[in-house]
Structure formats: structure tokens, C-alpha cells
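Each remark here refers to the structure printed beneath this line.
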Amino acid sequence: MTPTSYAENVQFKLARQVDVDKAKRRKRTINVVIMRILVLAALLVPWQLGVEAGLIDPLFFSSPSAILTFLVTELGSGGVWPHVLVTVREALMGFLIGAVAGVAAGILRMQFPLLADVTNPFLTILNVLPRVALAPMFVLWFGIGEGSKIALSVSLVFFILMLNTEAGIKSLDRELIITQRALGATRTQLFWKVMLPGAVPAMFSGMRLGVVYSLLAVVVGEMIASQMGLGQRIAFYAASFQGDGLLGTILILAAIGLIFNVVVVNVEAKLMHWRLHDED
Amino acid sequence: MTRPGEEEVVANLAGQAGGADGISIEKVGHAFPTKDGGSILVLGDVSFSVPNGQFLAVVGASGCGKTTILNMAAGLVRPVSGRVRVGGKDVVKPLRDTGYMFARDGLLPWRSALKNVEVGLEHRGVPKAERRERALKMLDIVGLSGFGDSYPAQLSQGMRQRVAIARTLAINPATLLMDEPFAALDAQTKLALQAEFLKIWEKDRQTVMFVTHDLAEAVSMADRVIVLTSRPGRIHAEFEIDLPRPRDPAEIRFDEGYLRQLDQVWHALKEAEERAG
Ligand SMILES: Nc1ncnc2c1ncn2[C@@H]1O[C@H](COP(=O)(O)OP(=O)(O)OP(=O)(O)O)[C@@H](O)[C@H]1O
Ligand SMILES: [Mg+2]
């Protein structure tokens with residue numbers, strides 16, 4: 001090493017350090033995956049063996065192999081897909097309508113304090129009400145089809161998004177608003193350039209909750225009264241003691257919920273790149 | 001008044017601010033309501049004016065109403081009594097050609113540095129291409145060319161404050177209100193930014209009202225220093241700083257004339273605090 005290569009030397013060392021760190025991380029990831037598989041096996045293997053040994057009653061608990069068989073045949077033959085479609089469509093519609101209305105309501109209430117004051121008691125009562133209690137009424141109003149499920153979903157998602165939007169606008173750094181006011185922003189400009197973008201992170205945490213609750217609402221609605229949908233299937237399998245169908249359908253619902261969540265998280269990451277910069 | 005480009009600036013100011021009036025604070029008294037239903041007198045009959053193109057520094061104890069005066073000149077607070085005029089007109093809302101800078105940068109975290117510099121021009125409806133060009137130029141002036149695409153979270157505090165300076169100057173303000181703009185910076189960065197700001201100001205000669213707790217900053221940068229008493233704030237003393245320009249806040253630290261004036265201001269401030277306390 002010549003004396004001029006001191007910086008090069010440091011960079012070389014850094015590069016090696018980065019490589020070592022990378023290898024360490026990769027090893028850790030592999031270990032985590034192995035351990036997860038072990039945990040899963042620790043749950044499934046005794047279950048399967050217990051059923052085979054006659055220690056666990058498959059009538060109530062089914063068995064991993066029966067659930068797997070159910071999933072393979074149902075997903076393969078296509079029998080479950082129309083139900084998946086209905087449930088997903090209801091959940092998405094409910095989420096979309098509820099989210100748009102909730103964000104709009106939150107924004108309007110923050111822009112017009114009089115509106116907020118007047119609507120406060122009514123919205124508070126609706127919000128503390130266990131929304132599931134409204135399900136039978138929604139069936140009366142919107143019929144036994146998808147409408148009543150969407151309505152139930154909207155009644156949950158709306159409040160989540162409204163409250164999150166309001167919290168986001170309220171918690172906005174005062175300094176940002178004063179700075180922009182001093183820079184000559186009009187009320188409308190303040191709203192579009194400061195308050196709305198400033199509330200986006202809070203809206204997204206609302207949406208992450210919202211998709212999960214939308215799915216919950218439509219499944220509950222389907223279980224109460226419906227001819228289609230995964231909730232209806234669950235109610236049916238439970239009533240006819242088909243544990244494999246029950247648990248298999250629940251797994252399908254979990255997968256749908258997971259996909260919803262991944263989509264929201266990815267959109268959020270795209271829109272929030274300015275915030276993620278300091279973390280990566 | 002022989003500096004090249006001076007006439008242009010004055011003409012510009014006359015056009016923007018409607019006359020050579022600068023900032024005038026006339027018999028201003030102000031109080032804030034307190035939680036227990038009473039009120040707290042913050043300013044008691046303050047009058048002074050900043051002629052066009054002057055750099056005025058205001059010093060005084062914490063809580064004596066300095067920020068309140070700036071907020072009034074910025075159109076963010078209305079005085080309970082008295083008048084505040086900028087460019088000859090009463091200030092009732094933020095003026096389009098007044099820039100306001102704070103100790104905290106107030107940058108919008110979701111906007112890149114460039115977009116942050118552009119924001120004031122956006123408020124004024126300046127077309128996109130023109131906005132971009134001006135913002136790039138301002139970033140270059142504050143020494144941040146090449147950082148336009150960085151987000152505030154990726155910049156150091158000194159760099160963020162530079163972006164804030166660029167943002168404030170981008171709207172081409174005739175009047176600058178500055179509330180301890182360099183207070184949050186380390187000593188080195190502070191000196192660097194003071195020098196940079198002075199260089200820009202000595203060229204453009206905006207009317208400046210500059211609030212600070214740093215007496216060295218006040219004396220090394222300003223044409224005139226006003227010392228306020230403790231709350232309720234009143235004018236205690238006033239000094240003309242007749243040091244030659246261009247000045248370099250780092251170099252001037254050992255200048256005899258500077259040290260003498262610094263000493264005077266320091267004594268005045270001490271006196272002001274003791275008298276009211
Ligand atoms: N919005 C407000 N409501 C109530 N009291 C206020 C408000 N703004 C300022 N005050 C009070 O007015 C007084 C002066 O405040 P101001 O911010 O003008 O002081 P300052 O001279 O800028 O102080 P500092 O040097 O600490 O920044 C303080 O005692 C403060 O508590
Ligand atoms: Mg202050």
C-alpha cells in the first residue's frame with residue numbers, strides 16, 4: 001500500500017465489511033426460515049399424528065391432511081372460486097366506498113369546524129355502536145345479496161378512515177403550516193400542499209386497518225345471512241360438522257387478507273419514499 | 001449608495017412595496033389571553049421603523065415579544081393596539097413580497113429540496129419552467145447545486161437551513177423577517193451561513209428585521225441594533241453599527257470597532273434585563 005491509497009484502503013475495508021454483513025444477514029434469513037418451518041411442523045405433526053392415533057377427534061378438529069385435501073380439490077375443481085370472487089368483490093367495494101367517504105368526511109370536518117361540531121355527537125354514537133348489530137337491518141334495506149355486506153363494511157371502514165384522516169391533519173406540525181402561510185399560501189393551497197400530503201401517512205395506517213376490517217365485516221355479514229361468499233361457506237361447514245371445509249375456508253380468507261395487506265403496504269411504500277429514505 | 005445595481009433594486013422595491021417605507025411599528029401594544037382568564041402584556045408601546053434596505057437586528061430577553069413583533073410584520077398576528085405597516089400599508093395578511101425565516105427550517109418532508117424551494121413560487125402561480133429555473137439558481141447560490149433531488153431527511157441541518165434560505169429568497173422578497181434563523185446550527189455552520197447570507201444581502205439589500213439572541217451575530221451583520229427590555233417589551237437602546245461593508249462575520253470578530261460596539265450592546269442588554277427584572 002502506497003501512502004496515497006489510505007482512502008482506498010478505508011474503502012476496501014468498508015466493502016469487505018459490507019460483504020461480511022451481507023453474508024451474516026443471509027445466514028440469519030435462512031435460519032429464520034428454518035425455525036419457522038420447525039414451529040409449523042411442531043404444530044402440524046402432533047395434530048396429524050394425534051388424529052391418526054385416535055387421540056384427537058377429527059369431527060371437531062379435522063386434520064392437516066384432510067384440510068390439505070379439501071384445499072386441493074376445492075381450489076382445483078373450482079368449486080370455491082365463485083365464493084372467493086363474491087367475498088373479495090364485497091370487501092373491495094366496501095373498502096373503496098368507505099375509504100373515499102371516510103377521507104372526504106375527515107377532510108371536510110377539519111376544514112369546516114362548524115360541520116365537525118354539529119356532526120360530532122351523531123358520529124360518536126354511530127362509532128361506538130357495535131356495527132355488527134346493524135347487519136340484520138342492512139339485510140332488510142339492501143337485501144340478502146352483496147349490498148348488505150358492502151354496507152356493513154362501509155360502516156366500519158368509513159369511521160376508521162375518517163378518524164385517521166382527522167388525526168393526521170390535527171397532528172400536523174404547526175411549524176409547517178405557519179411557514180407556508182408566511183410564504184403566501186392561501187387557505188386552499190395550504191390544504192392541498194400541506195394538510196393533505198401531511199395526512200397521507202395517517203390515512204395509510206387507516207387503510208391498513210381498513211382492508212382487514214372490510215374483510216371481517218363482509219365475512220360476518222355472509223355468516224349472518226347470505227347465499228354466496230366464504231362467510232356463508234364457513235357457516236355451512238360449521239353447521240354440517242365439516243371441520244376440513246371450515247378450516248380450509250379460514251385459510252383461504254387468511255390468504256386473501258394477507259394479499260390485501262401486502263397491496264396496501266406496497267402502495268404506501270411507493271408513495272412514502274421520502275420517509276423511507278432515512279431508514280434504508 | 002454607489003453599489004452597482006442599487007438603482008435597480010430600489011426601483012424594484014418601489015414597484016413591489018409601493019414606496020420607500022420599509023417596515024414601521026407604530027405605538028404597538030400587545031397582550032395575550034391567559035388560561036386563567038386574565039391577560040399577559042407582552043409589548044408596551046413599541047415604536048420604531050426600518051427604512052428600506054436597512055438591516056435591523058432586534059435583541060432582548062426571552063419572552064419579551066420579539067417573535068410577536070415579527071409575526072405582526074408577517075401578517076400572522078394583529079396588534080391589539082397600534083399599527084404595523086410594511087411598504088406603507090397596514091399588514092392584515094401575509095404579504096406576497098415578504099419572506100419569513102425561522103430557526104427551524106419548516107421544510108415539507110415529502111418534497112425534494114428543489115420542490116421545497118419552488119413552493120413559494122407555486123403559491124404565486126409562477127409557471128413551472130420558470131419556477132424550476134429560479135429554484136435551481138437559488139440552490140446554486142446557497143451552495144447546494146446537485147442536492148435538488150434530495151429529501152430533507154437526507155440533508156444535514158445546515159443544508160436544510162440553506163434550502164430554507166433559498167426558499168425564502170426565491171420569492172424575491174423586498175422585506176425579510178428572520179427569527180433566530182441560524183440559532184439551531186453549530187458554530188462553524190452558523191458562521192458560514194451568516195457570511196453567505198450577508199453576501200447575498202449586500203448585493204440585493206432587502207429590508208431586514210432580524211431577531212437573535214446572539215449579540216455577535218447582531219453586531220457583525222446589522223446596520224442597526226435595537227435592544228428591548230424584558231416583558232413587556234419596550235425599546236431600551238438603539239445602536240448604529242457603522243462598520244464598513246462588505247463584512248465577513250468570521251473575520252470581523254477581531255476588529256476593534258466591532259468589539260467596542262459589541263461591548264456597548266452587551267452592556268445595554270444587561271441593563272435592560274436588570275431594569276425590568
Ligand atoms: N399565542 C400565544 N398565546 C399566549 N401567549 C403567547 C402567545 N405567543 C406568545 N405568547 C407569550 O408572549 C410572550 C412573548 O412571546 P414571543 O414569542 O414574542 O417572545 P420572544 O421575545 O420571541 O422570546 P424568545 O426569545 O424566547 O423567542 C411570551 O411570554 C409568550 O409566553
Ligand atoms: Mg422568539
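Within segment B:238-256, which residues have the backbone N less than 18 Å from the label spot 7 Å out from B:D263 along Cα→beta-carbon, could you tell me?
Label zone hits: B:239-243, B:252-256.
With N set to the number of residues, divide the alpha-carbon radius of gyration of the protein assembly as shown by 2.2 N^0.38 Å and report two decimals.
Rounded to two decimals, the normalised Rg is 1.35.
Starting from the coordinates of the alpha-carbon atoms of segment A:137-280, obtain the Kirkwood hydrodynamic radius over all distinct pairs and give the value in Å to one decimal.
Over segment A:137-280, the inverse of the mean reciprocal pair distance is 17.8 Å.
So if each residue of separation counts as 0.36 nm, and I subtract the Cα-Cα distance between B:R245 and B:Q157, what length gain in nm does that give?
28.8 nm
In whole angstrom, and with the biggest value first, how far do the Cα coordinates of chain A range along each principal axis?
73, 71, 30
Provide Rg and Dmax in Å for chain B, with only Cα atoms included in the calculation.
Cα-based Rg and Dmax for chain B come out at 18.6, 57 Å.
By the scheme Lys and Arg +1, Asp and Glu -1, what is the net charge of all other residues having a beta-carbon under 10 Å from that of A:F138?
Local charge sum for A:F138: +2.
In square angstrom and rounded to 100, what buried accessible area do you get between chains A and B, total over both, with the probe at 1.4 Å?
2200
Only helices at least 30 Å long along their axis, Cα-based, and averaging -0.5 or more on Kyte-Doolittle count here, so list those DSSP H runs from chain A.
Qualifying helices: A:6-52, A:81-111, A:146-170, A:196-224, A:243-271.
Can you give the FRET efficiency to the nearest 0.05 for A:Q111 and A:R208, using r as the Cβ-Cβ distance and R₀ = 25 Å?
FRET efficiency, A:Q111 to A:R208: 0.50.
For the cross-link pairs A:K170/A:K270; A:K170/B:K66; A:K170/B:K89; B:K35/B:K89, which exceed 29 Å when the distance is taken from alpha carbon to alpha carbon?
Cα-Cα > 29 Å for A:K170/B:K89; B:K35/B:K89; rest within.
Can you give the relative contact order of segment A:63-279 as a percent, counting alpha carbon pairs under 8 Å and 6+ residues apart?
Relative contact order here is 28 percent.
Please compute the modelled spin-label separation between A:A269 and A:T29, points set 7 Å along Cα→Cβ, answer in nm with one decimal.
Going by the 7 Å Cα→Cβ label model, 1.2 nm.
So how far, in whole Å, is the C-alpha centre of segment B:180-244 from the one of segment B:42-110?
Going from one Cα centre to the other spans 14 Å.
Taking every DSSP beta bridge with both residues inside the protein assembly as shown, roughly what % is antiparallel (nearest 5)?
Just about 55 percent of them are antiparallel.
Would you mind giving the average projected area, over all directions, of the Cα convex hull of segment B:131-184 in nm² with one decimal?
In nm², the orientation-averaged hull projection of segment B:131-184 is 4.0.
At 1.4 Å probe radius, can you tell me the per residue accessible area of the protein assembly as shown in Å²?
I get 51 Å² per residue for this part.
State the answer as a single residue: which of B:G63, B:L107, B:S81 lies farthest towards the positive end of the charge dipole of segment B:55-181, with beta carbon charges of +1 for Lys and Arg and -1 for Asp and Glu, about the Cα centre.
B:S81
If you build a Gaussian network model of chain A, linking Cα atoms that sit under 10 Å apart, which residue out of A:S77, A:S148, A:S62 swings the most?
Highest fluctuation among the options: A:S77.
For the protein assembly as shown, which whole percent of the accessible surface, found with a 1.4 angstrom probe, sits on carbon and sulfur atoms?
63
At 1.567 mPa s and 4 °C, plugging the Kirkwood radius over alpha-carbon pairs of segment A:3-56 into Stokes-Einstein gives what diffusion coefficient in µm²/s?
The Stokes-Einstein estimate is 87 µm²/s.
The values are calculated or read from the model by the stated rules, or taken from the named source; none is laboratory data. Since the structure is predicted, the reported quantities are computational estimates derived from the model, not experimental observations. A quick note on method: Cβ atoms are made from the backbone with ideal geometry, for glycine too, and the neighbour counts reach across all protein chains shown. Just the protein is used for accessible areas: all its heavy atoms, side chains included, with ligands, DNA and RNA removed. Shrake-Rupley method; radii C 1.70, N 1.55, O 1.52, S 1.80 Å.
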